[in-house]
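For reference, the structure discussed in these notes is given below.
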Amino acid sequence: MVSKMEVVYGKFSTIYSICDVKEKLSDSAILHLLAPSVFNPTFERLLIRAKKYQADDKSKVYAYSENGEYKGIIVFKTEDNTAEILDIAVKPGYQGKGIGSMLIDYIFSKFAVSKITAETDDEAVGFYKKCGFAVTPVGEFCDTKRYFCKLSAVSKHYDLLIKENNDPVRDPEPLREYMDKWDGQQFIDSLQLTKEKSVLEIGVGTGRLAIRTAPKCREFFGIDISPKTIKQAKENLKEQTNVALICGDFMSYEFGRKFDVIYSSLTFMHIRDKQAAINKVRSLLNIGGRFVLSIDKNQSDTIDYGTRKIKIYPDNKEDIVKYITQSGMNLMKAFETGFAFVFIAEMKQNNS
């Protein structure tokens, strides 16, 4: 029988599970899983750490078990939509087999967090990089270099979609028609593209829209937070010589230039500070430039894909109107599609 807090998987002859072991963390078989992440891991030191985690109401402890043998463990706490990894370790002899990565993926599958963070040293930083974490040096402590590691749920999700062979550019026609209910021909026409214009797409994905818009402009730039998505977009758009694709966070990336047209569809739901995002759009537009935004009508704050949950920040039609107005752009038009609201704004001479 599988307990409520346990997930069991099967692959060929291997049966593995990831389960909540916080209450039995002091048991020898589970306690010693922590050893690889503890300096001088004597039984006493391990027990002290286990008792600390058990006493902390915010900490969560999960272990990976394969054919009845515990092989990996992760300890983390969740707060403010963030999961902070406190400990992660895999038994010697089983390292390098993807167990640590599976434990990290489990957090995204069961907890609606927007990111996972960790602090580590030279010995483990390679592991976090391999798992897709952005790594930033934060100085030294006792002559040991320390690093802050961050993995965005959005980046991880879209990376996994590529791994699952999910590429909207290659969707069959009925599915493409379905997606048009957010950003179909009326959306494309609203961009008013010409061969003289430079264009930026926020959240370019694999190029579902870019494959239609890039041929119609002089320069096309697309930015997306997912490395694997950008890699697939480069493949899909390789025949377009006017395309530049950027893997980065729109909110922090320094573009160093301006654009004639900026557009985005089904991306602002991943941005928490929407006023700041729209203000940045304004700062990136040339005088007379145009911004076209499509937002989902759905007001849920979570996307549940079954194997993972993605925390989102639903867009509100009235708020978007306010944010555009407050940014200093002129709202030219707003219209409704099957599943979306679309806004068209411009930078006029008197907005400079």
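Would you mind finding the one in Leu161, Leu151 that is out of contact with any strand residue (DSSP E or B) (no Cβ under 9 Å at 6 or more places or on another chain), under 24 Å from Met269 (Cβ atoms) and not charged (D, E, K, R)? Only one candidate qualifies: Leu161.
May I ask you to verify whether Arg272 is modelled with pLDDT under 95 and part of a loop (DSSP other than H, G, I, E, B)? Against the criterion (modelled with pLDDT under 95 and part of a loop (DSSP other than H, G, I, E, B)), Arg272 qualifies. Looking at Phe133, is it among the aromatic types (Phe, Trp, Tyr), out of contact with any Lys or Arg (no Cβ under 7 Å at 6 or more places or on another chain) and either more than 30 Å from Cys217 (Cβ to Cβ) or touching a residue at least 60 places away in the same chain (Cβ under 8 Å) (or both)? Here the answer is no, as Phe133 does not meet what is asked. Is there a residue in the range 43-52 that is surrounded by fewer than 19 Cβ atoms within 10 Å (Cβ to Cβ), of a type in the set (Gly, Ala, Ser) and not in a strand (DSSP E or B)? Scanning the range 43-52, I find no residue that is surrounded by fewer than 19 Cβ atoms within 10 Å (Cβ to Cβ), of a type in the set (Gly, Ala, Ser) and not in a strand (DSSP E or B), so the answer is no. Within the range 86-122, restricting attention to residues that are without any contact (Cβ under 8 Å) to a residue 60 or more places away in the chain and within 17 Å of the chain's Cα centre (by Cα), the residue that is nearest to Lys145 (Cα to Cα) is Ala118. Only a single item in (1) small (Gly, Ala, Ser); (2) in a loop (DSSP other than H, G, I, E, B); (3) touching a helix residue (DSSP H, G or I) at 6+ places or on another chain (Cβ under 7 Å); (4) free of Cβ contacts under 8 Å to residues at least 60 places away in the same chain is not met by Ala345, and it is number (2).
Residues in the range 178-223 that are aliphatic (A, V, I, L, M), part of a helix (DSSP H, G or I) and either surrounded by 21 or more Cβ atoms within 10 Å (Cβ to Cβ) or modelled with pLDDT of 95 or more (or both): Ile188, Ala210, Ile211, Ala214. Confirm whether Ile278 is in contact with a His (Cβ under 7 Å, 6 or more places away or on another chain) and either among the β-branched types (Val, Ile, Thr) or over 30 Å from Leu161 (Cα atoms) (or both). No: the conditions fail for Ile278.
A Cβ distance below 6 Å, combined with a sequence gap of six or more or placement on separate chains, defines the contacts here; from the range 315-331, residues that are farther than 17 Å from Ser300 by Cα reach residues that are among the acidic types (Asp, Glu) in the pairs Asn330/Glu346. In a residue-by-residue description of the range 264-274, the property of being among the hydrophobic types (A, V, I, L, M, F, W, C), within 17 Å of Lys197 (Cα to Cα), surrounded by 15 or more Cβ atoms within 10 Å (Cβ to Cβ) and out of contact with any His (no Cβ under 8 Å at 6 or more places or on another chain) applies to no position.
Each residue in the range 84-101 was checked for being out of contact with any Pro (no Cβ under 9 Å at 6 or more places or on another chain) and surrounded by fewer than 21 Cβ atoms within 10 Å (Cβ to Cβ), and 9 pass. Counting only residues that are within 31 Å of the chain's Cα centre (by Cα), modelled with pLDDT of 90 or more and not acidic (Asp, Glu), the range 5-24 holds 5 of them. Might you let me know whether the range 315-325 holds any residue that is in a strand (DSSP E or B) and among the polar types (S, T, N, Q)? The answer is no, given that none of the residues of the range 315-325 is in a strand (DSSP E or B) and among the polar types (S, T, N, Q). Tell me, which residue of the range 22-40 that is hydrophobic (A, V, I, L, M, F, W, C) and part of a helix (DSSP H, G or I) is surrounded by the fewest Cβ atoms within 10 Å (Cβ to Cβ)? Here the residue is Ala29. If you go through the range 146-162 and keep only what is in contact with a Gly (Cβ under 8 Å, 6 or more places away or on another chain) and either of a type in the set (Phe, Trp, Tyr) or more than 23 Å from Thr78 (Cα to Cα) (or both), you end up with just Tyr158. Residue count for the range 142-175 satisfying the condition of being surrounded by fewer than 18 Cβ atoms within 10 Å (Cβ to Cβ), in a strand (DSSP E or B) and within 23 Å of the chain's Cα centre (by Cα): 2. Listed by first and then second residue, the pairs linking a residue in the range 239-258 that is surrounded by fewer than 11 Cβ atoms within 10 Å (Cβ to Cβ) to a residue that is among the basic types (Lys, Arg), with Cβ atoms under 6 Å apart and 6 or more places separating them unless they lie on different chains, form an empty list.
Scanning the range 214-223 finds no residues that are acidic (Asp, Glu) and under 23 Å from Cys131 (Cβ atoms). For the range 194-217, filtering for residues that are of a type outside the set (Ser, Thr, Tyr) and farther than 23 Å from Gln232 by Cβ leaves 3.
The values are calculated or read from the model by the stated rules, or taken from the named source; none is laboratory data. This structure is a prediction, so every number in the text was calculated from the model and none was measured. Please note: Cβ atoms are built from the backbone with ideal geometry, for glycine as well, and neighbour counts cover all protein chains shown.
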